Amino acid sequence: MSDPASSSTVVDVIVVGTGNAGFCAAHAAAEAGATVLMLEKAPEAQIGGNTYYTAGAIRTTHAGPEDLAALIDGDQGCGPVEIEPYPAAAFAEDMRKTTHGRCDSELVEVLVSQIADTLRWMRGLGMRFCLQYERQSYEIEGRHRFWGNLPLAALGGGKAMVATHRAIAERLGVRIQFESPVDRLLQDESGRVVGVASGNREFLARAVVLASGGFQSSANLRAQFLGKNWDLAKVRGTPHNTGTALMAAVAAGAAAVGHWSGAHAVAWDANAPATGDPELTNRYTKQSYPLSIVVNVEGKRFLDEGADLRNYTYAKYGAEILQQPSARAFQIFDAKTTPLLQRAEYEVPGVTKFEASSIAELARRMGVDEHALVETVETYNAAVRPGAFDPSIKDGVSTDGIVPPKSNWAQSIDAPPFQAYGVTCGITFTFGGVRIDPSGQVRAEDGEPMAGLFAAGETVGGLFYHNYPGGSGLAAGAVFGRQAGLAAARTAVLAAPVSA
């Protein structure tokens, strides 16, 4: 699987990157009869790109539990559940809503119309899926009620997903070469892409698929494109997505599109390492904040914790935290809500946790001015309106007369013991990338297709702006990875000989 490719060998398709998008491209190309070489910047022990660090959640269209059951192993079952159907129109509307209407409509149409079939294809190859009981449901009257239109995940999360992808690739005859960072594209006199270079090594191919991620792991590029304080963000995933291959594509003439000053960023444990932990992976995230109040180091609230279901706000609230003093905040819960916390996230080893029997004592332990925090909590409690609390829906239980409001799940913080969790900004991936058409082929600045070049995953721009519907990254990577792999294989068949 890690055989080196000599510069005199021409393969049909080179795929750059070994995340979900790259593997889907490699599988599709290999199934179509192409010889495929994957190039990975990281050493073999760090295979999988950002996919490895995810919880494996995948947003997909479906007609309800019976429809999803076809993707789920028999021992996972659907059980007594409530899962609302999620048609393509609803997925498309979620994309439009979270991106303020800026998402590329052509790409969205491909995504929402093909994700279900793509997952069935992946299932046929051997990928295993499950329902996200702990992360995406609450037990209501003996039934698990799923919320946020995100019931499905890869079984075992990102780690298992990458392992399964690798096993599929091996079965299909795909080769992988590690420690091969792509720093430029090779083009012939006509501009056609005929391979890639890694330092002084050249790899020739009849088609190339870039699935090498964004630039979130480069502090310099984050500061350059995202702006003030973004060099301070922690990186949730791989340290290897520094944007080198992406910038090489732009240098070769690919159109740069999308929200280059935007990124997917979440509330991340304040004590997490600078880049992703290969053992704990996604567990540093802190996503039960809709049940809390969130305050900065001055003890003041600064966002609407209950603006929407978590899946529609979590990817933008990391940026809000980053702009606070010291780029730090705290999620505060009381005894009424702590039983609802996601254990995998809030019981992680080394978690930044504070507990006390009073708000004043909690503030002292947090290092926050106790008078400011007591005033914030008292003002918030007085603003909470009565209502029937239900964490599985937007329950409308809100505050009145305070800024910012809390639009749903507003409960008084008055039942000790009180707990606070320190968080900062954890960046997942950047939104700017190269332009592709619905087949995955990269477009040049003049709109014309770049012969021999395709892209998928976080290398692609135009899908996400400002925000992100949870689980749509792995979905887009799978759909456009498959599209790009198939198109690259077709190109390879028709391509003229590549000179070594």
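The values are calculated or read from the model by the stated rules, or taken from the named source; none is laboratory data. Model, not experiment: these values are computed from the prediction. Ideal geometry is used to build each Cβ from the backbone, glycine not excepted, and the neighbour counts take in all protein chains shown.
Observations on the model:
- The residue that is nearest to the chain's Cα centre (by Cα), counting only those in the stretch 336-383 that are of a type in the set (Gly, Ala, Ser) and under 22 Å from GLN287 (Cβ atoms), is ALA344.
- Output for the stretch 121-160, where each listed residue is crowded, with 19+ Cβ neighbours inside 10 Å and among the hydroxyl-bearing types (Ser, Thr, Tyr): SER137
- Where a residue in the stretch 444-464 is charged (D, E, K, R) and its partner, wherever it lies, is surrounded by fewer than 24 Cβ atoms within 10 Å (Cβ to Cβ) and at pLDDT 95 or above, with Cβ under 6 Å and at least six apart: GLU445/ALA255
- So GLN419, is it of a type in the set (S, T, N, Q) and within 30 Å of HIS144 (Cα to Cα): yes
Yes/no matrix, rows are residues, columns are (1) more than 19 Å from GLU347 (Cα to Cα); (2) not assigned by TED's automatic domain parsing to the domain that holds THR352:
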{"site": "ALA252", "(1), (2)": "yes, yes"}
{"site": "ALA274", "(1), (2)": "yes, no"}
{"site": "THR285", "(1), (2)": "no, no"}
{"site": "TYR289", "(1), (2)": "no, no"}
{"site": "ASN296", "(1), (2)": "yes, no"}
{"site": "GLY299", "(1), (2)": "yes, no"}
{"site": "TYR312", "(1), (2)": "yes, no"}
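- Look at (1) closer than 15 Å to TYR421 by Cα; (2) among the charged types (D, E, K, R); (3) surrounded by 15 or more Cβ atoms within 10 Å (Cβ to Cβ) and you find that ASP369 fails only one, number (1).
- Any hit, the stretch 74-87, residues being under 23 Å from GLY485 (Cβ atoms) and either surrounded by fewer than 22 Cβ atoms within 10 Å (Cβ to Cβ) or polar (S, T, N, Q) (or both): no
Conditions tested, residue by residue: (1) at pLDDT 95 or above; (2) under 19 Å from the mean Cα position of the chain (by Cα); (3) in a loop (DSSP other than H, G, I, E, B).
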residue	(1), (2), (3)
ASN50	yes, yes, no
GLU66	no, no, no
ASP75	no, no, yes
GLU84	yes, no, yes
ALA92	yes, yes, no
LYS97	yes, yes, no
LEU107	yes, yes, no
VAL112	yes, yes, no
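- Selected residue (only one of ALA307, ALA319, ALA363, ALA329 is surrounded by fewer than 19 Cβ atoms within 10 Å (Cβ to Cβ), touching a residue at least 12 places away in the same chain (Cβ under 8 Å) and outside the structural domain of LEU226 (by TED's automatic domain parsing)): ALA307
- Only one of the numbered conditions (1) crowded, with 22+ Cβ neighbours inside 10 Å; (2) assigned to a helix (DSSP H, G or I); (3) among the polar types (S, T, N, Q) is violated by THR164, and that is (1).
- Residues of the stretch 136-159 classified as over 30 Å from ALA205 (Cα atoms) and not in a loop (DSSP other than H, G, I, E, B), total: 13
Yes or no, residue by residue, for (1) crowded, with 24+ Cβ neighbours inside 10 Å; (2) not small (Gly, Ala, Ser):
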{"site": "ASP437", "(1), (2)": "no, yes"}
{"site": "GLY447", "(1), (2)": "no, no"}
{"site": "PHE464", "(1), (2)": "yes, yes"}
{"site": "GLY471", "(1), (2)": "yes, no"}
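- ASN241 vs. criteria in the same structural domain as PHE302 (by TED's automatic domain parsing), within 18 Å of the chain's Cα centre (by Cα) and modelled with pLDDT of 95 or more: no
- Set side by side, the residues ARG206, ARG201, ARG171 differ, and just one is among the basic types (Lys, Arg) and crowded, with 19+ Cβ neighbours inside 10 Å, which is ARG206.
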